[in-house]
Amino acid sequence: MSQSQSGSNNTLLSTQIDTTASMPRAALQTQWLSQYPPDQQALIGSPVCGVQVNKFTYATVGGQGEPTNASGALMLPTGGSPQCQGPRPVVLYAHGTAIDRAEDMSAVNDPDNPAYGTATRVALTFAAQGYIVIAPNYAGYDVSTLLYAPYLNGQQQSQDMVDGLTAGRQMLTLLNTGDSDNGQLFVTGYSQGGYVSMATLAKLDAEGRPATAGAPMSGPYAILAMGDEIFLGHPNYGGTAYLPLIANAYAHLKTDSISLSQVFSSNYPNAGTLFPGNVDYAGFSSLVTSGQIPTAAIFQSTPTGNAYLDGLNLPEGAPLGPLGFSPTNYLISTAFHAAYVRDAETNPDGAAPTDGSAPNFNGPPPALPANPQFLLRQDLKANDLRNYTPSMPLLMCGGHNDPEVFWNQGAAAMTAVLDSKTTTDPSLRFATLDLDTTGLTTPYFASFGLSPAQLSTMQSVATQVQTAFTAYQSAVDQTNATVGLEAYHTDETPYCTVAARAFFNLYAN
């Protein structure tokens, strides 16, 4: 075997077999599926197969192109049913934001691992229904020696996913369990993983080996517009973790890296290097208590003393409102905030209107700025995915009230771009599903290019997950409105994942 190297056909670093779990079908039902509410159990479905999970390590690169390593999970269906053996389709899964370096998608027997919930859900939804799953942990996590995470770096993260896919396929061959790759590849992921899966689909397309279908879920595909929306007065839930991650990632680019020393306020000078670290979400409060990170306040509230910002009278807008601002204990340097906003005002992104209004998706898609001058905005534009046109069938899923990854700067913006291309590219096939029906005259499910039978199937699935999600979220909101809003983004996950599987089933052999 040749030396393992990122971008080659040999990325597997070790041929040692590391089986972390082997669960028969009955155990999946009693130990994992039973943890979900009844409506989600019904949507996920009873396991058809057992699941064997194997851990592997692979060669990849960091954000600056430096060689590094990462690990991942290979989940195999097991059992005597024809659906559980022989040539099977592969799902490549990209996980969401993790602030804990211990994130490990193979740790399905460790409830304390931060990836446990995601890993078991992916195993139940896909592997237990006959799909082979390859789920990279990403560089910067688990056993990786990289000291930072190349978070939302589209070039690096898509390469990381492809390297993980290569190694996972190599490990599949070594295991010789009777399962094999039938050549069909489905790519999906949620939140950060929604962005990563879309970037991976773009990379595979660019390399002339497109996936069979893709289903990015609740990702910030219009990442420049997402950044603008936050800096223009609408900070998001979770921003005090997300912004340090993205700042440190963009401080480690091949070119045009930002300087962390300019980003953060003097109260939190080390915020950019906190994540991922030895901290889970429950332990985030300890960082707050010790004065290393604010709970939610991203920006200084007015008056800031910065004449430019104070003159703009930016809103302290939804979803966080005043919680996203503080007169003293705020995350982002006011000078950095002002410089970002000045460039956004001068070189606006149409998907994040500077007057604070919602973008207009009724005509031509809102345009990206031609030449942003502020370095972080240049980097965000370089990683924006609105210029991508998928060659394969694509499903996007999310919720329009998502307070962490905004619908308008995610699925809605990407859908507007694809809608604008249907006349010149009639071969496009895509669908967009909004789980949340609250405030809508009719539930939102839009599509183009699906056959009548495929459309009928997906409309039925859309109705099921929309009804279930809206009811579930309503119950959470009635219990505690604040908790409901904070949980919204996480609550979407099982419903979107079930919709992704239904979409993949349209094309799977």
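The values are calculated or read from the model by the stated rules, or taken from the named source; none is laboratory data. On a predicted model such as this, the values are computed, not experimentally measured, just so you know. Here Cβ is always computed from backbone atoms with ideal geometry, including for glycine, and neighbour counts include all displayed protein chains. For the accessible areas, the whole protein counts, side chains as well, though only heavy atoms, and no ligand, DNA or RNA atoms are used. Shrake-Rupley method; radii C 1.70, N 1.55, O 1.52, S 1.80 Å.
Computed values, structure above
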{"read-out": "Residues of the stretch 48-58 satisfying the condition of being open to solvent by less than 10 Å² (accessible area, probe 1.4 Å) and either more than 12 Å from GLN129 (Cα to Cα) or not hydrophobic (A, V, I, L, M, F, W, C) (or both)", "value": "GLY50, VAL53, ASN54, PHE56, TYR58"}
{"read-out": "Set ALA338, ALA352: member being at pLDDT 95 or above and assigned to a loop (DSSP other than H, G, I, E, B)", "value": "ALA352"}
{"read-out": "Candidate set from the stretch 291-305 (those that are more than 13 Å from LEU232 (Cα to Cα) and open to solvent by less than 70 Å² (accessible area, probe 1.4 Å)); member that is farthest from the chain's Cα centre (by Cα)", "value": "THR304"}
{"read-out": "Only listed residue being over 22 Å from the mean Cα position of the chain (by Cα), within 27 Å of ASP355 (Cα to Cα) and either part of a loop (DSSP other than H, G, I, E, B) or not aliphatic (A, V, I, L, M) (or both), chosen from TYR268, TYR237, TYR221, TYR308", "value": "TYR308"}
{"read-out": "Test result for ALA149, closer than 26 Å to GLY86 by Cα, open to solvent by less than 10 Å² (accessible area, probe 1.4 Å), of a type outside the set (D, E, K, R) and modelled with pLDDT of 95 or more", "value": "no"}
{"read-out": "So ASP110, is it within 28 Å of GLY80 (Cα to Cα), over 20 Å from the mean Cα position of the chain (by Cα) and open to solvent by 30 Å² or more (accessible area, probe 1.4 Å)", "value": "yes"}
{"read-out": "Criterion (under 25 Å from SER180 (Cβ atoms), surrounded by fewer than 16 Cβ atoms within 10 Å (Cβ to Cβ) and out of contact with any helix residue (DSSP H, G or I) (no Cβ under 7 Å at 6 or more places or on another chain)) met by exactly one of PRO24, PRO67, PRO38", "value": "PRO24"}
{"read-out": "Matching residues in the stretch 421-441 - criterion: being open to solvent by 40 Å² or more (accessible area, probe 1.4 Å) and either of a type in the set (A, V, I, L, M) or within 20 Å of SER451 (Cβ to Cβ) (or both)", "value": "LYS421, THR423, ASP425, PRO426, SER427, ARG429, LEU440"}
{"read-out": "Pair list, Cβ under 8 Å, 6 or more apart: the stretch 28-56 residue without any contact (Cβ under 8 Å) to a residue 24 or more places away in the chain and closer than 23 Å to VAL461 by Cα, other residue open to solvent by less than 60 Å² (accessible area, probe 1.4 Å) and of a type in the set (A, V, I, L, M, F, W, C)", "value": "GLN41/LEU33; SER46/LEU33"}
{"read-out": "Criterion (out of contact with any helix residue (DSSP H, G or I) (no Cβ under 9 Å at 6 or more places or on another chain) and either buried (at least 19 other Cβ atoms within 10 Å of the Cβ) or at pLDDT below 95 (or both)) met by exactly one of LEU418, LEU450", "value": "LEU418"}
{"read-out": "Near pairs, Cβ below 6 angstrom, 6+ apart or cross-chain, from the stretch 227-252 (among the hydroxyl-bearing types (Ser, Thr, Tyr)) to any residue that is outside any loop (DSSP other than H, G, I, E, B) and crowded, with 23+ Cβ neighbours inside 10 Å", "value": "TYR250/ASP379"}
{"read-out": "Any pair with Cβ under 6 angstrom, 6 or more apart, that starts in the stretch 465-482 at a residue that is more than 20 Å from PHE445 (Cα to Cα) and hydroxyl-bearing (Ser, Thr, Tyr) and ends at one that is in a helix (DSSP H, G or I) and at pLDDT below 95", "value": "none"}
{"read-out": "Subset tally (residues that are outside any loop (DSSP other than H, G, I, E, B), in contact (Cβ under 8 Å) with a residue 40 or more places away in the chain and in contact with a Phe, Trp or Tyr (Cβ under 8 Å, 6 or more places away or on another chain)) for the stretch 282-305", "value": "1"}
{"read-out": "Wholly enclosed strands (runs of 3 or more DSSP E) of the stretch 1-102 bearing at least 3 residues modelled with pLDDT under 95 and more than 26 Å from GLN184 (Cα to Cα)", "value": "none"}
{"read-out": "Residue pairs meeting the criteria (Cβ under 8 Å; at least 6 apart or on separate chains; first farther than 13 Å from LEU92 by Cα, in the stretch 122-143; second acidic (Asp, Glu) and assigned to a helix (DSSP H, G or I))", "value": "ALA139/ASP160"}
{"read-out": "Considering residues of the stretch 1-16 that are surrounded by 12 or more Cβ atoms within 10 Å (Cβ to Cβ) and among the aliphatic types (A, V, I, L, M) only, the residue farthest from LEU172 (Cα to Cα)", "value": "LEU13"}
{"read-out": "Residue in the stretch 204-227 that is at pLDDT below 95 and either open to solvent by less than 20 Å² (accessible area, probe 1.4 Å) or among the polar types (S, T, N, Q) (or both) present", "value": "no"}
{"read-out": "Matching residues, the stretch 311-334, being small (Gly, Ala, Ser), under 23 Å from ALA271 (Cα atoms) and assigned to a loop (DSSP other than H, G, I, E, B)", "value": "SER333"}
